[in-house]
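Engineer: Before we start, here is the structure in question, set down as structure tokens.
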Amino acid sequence: MPFDDDEPVFKRSELGTNRYEYNPDNPVGLTLIVLTLVFAGVMLLLMHNHAGPFRPPEPTPAPSIPPDDMSRWAPPPDDGLPSGPPSGTSDAP
């Protein structure tokens, strides 16, 4: 009998470890095996094609300043503070 509903979905591994594996004798176990293989195949194809969540991020364009914009080199606005050398001293006799 290929499928037995009385079979467990998971069975102990035959390698002597305490791990469990899908049981292909149960229809749910066989469905889980097929879904796992399809999922892994789709993920490998997406990684190979750099698509979906594996697509590299789009580069963001750097903000450009037009060449005739001279505001970068304009002096700061007058805030009432003196600038330059002090005006009260002179070296002349």
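The values are calculated or read from the model by the stated rules, or taken from the named source; none is laboratory data. The structure displayed is predicted, hence computed values, not measured ones. Methodologically, a virtual Cβ is constructed for each residue, glycine included, from the backbone with ideal geometry; neighbour enumeration extends over all protein chains shown. We work out accessible area using only protein heavy atoms, side chains counted, and drop any ligands, DNA or RNA first. Shrake-Rupley method; radii C 1.70, N 1.55, O 1.52, S 1.80 Å.
Engineer: Go through segment 12-52 and give me each residue that's in a loop (DSSP other than H, G, I, E, B) and among the hydrophobic types (A, V, I, L, M, F, W, C).
Structural biologist: Of segment 12-52, the ones in a loop (DSSP other than H, G, I, E, B) are 13-19, 23-26, 50-51.
Within segment 12-52, Leu15, Ala51 qualify.
Engineer: Give Ala74, Ala62, Ala51, Ala40 a once-over and let me know the one that is at pLDDT 90 or above, of a type in the set (A, V, I, L, M), more than 30 Å from Val9 (Cβ to Cβ) and open to solvent by less than 100 Å² (accessible area, probe 1.4 Å). Break it down into steps so the answer makes sense when it comes.
Structural biologist: Details: Ala74 fails: at pLDDT 90 or above; Ala62 fails: at pLDDT 90 or above; Ala40 fails: more than 30 Å from Val9 (Cβ to Cβ).
Among Ala74, Ala62, Ala51, Ala40, only Ala51 is at pLDDT 90 or above, of a type in the set (A, V, I, L, M), more than 30 Å from Val9 (Cβ to Cβ) and open to solvent by less than 100 Å² (accessible area, probe 1.4 Å).
Engineer: Let me ask you something else. Of everything in segment 10-37, what is open to solvent by less than 100 Å² (accessible area, probe 1.4 Å) and among the acidic types (Asp, Glu)? Give them in sequence order. Outline the logic, then answer.
Structural biologist: Here is the first cut: in segment 10-37, the ones open to solvent by less than 100 Å² (accessible area, probe 1.4 Å) are 11, 13, 16-17, 21-34, 36.
If the condition is that a residue be open to solvent by less than 100 Å² (accessible area, probe 1.4 Å) and among the acidic types (Asp, Glu), then Glu21, Asp25 are the ones that fit.
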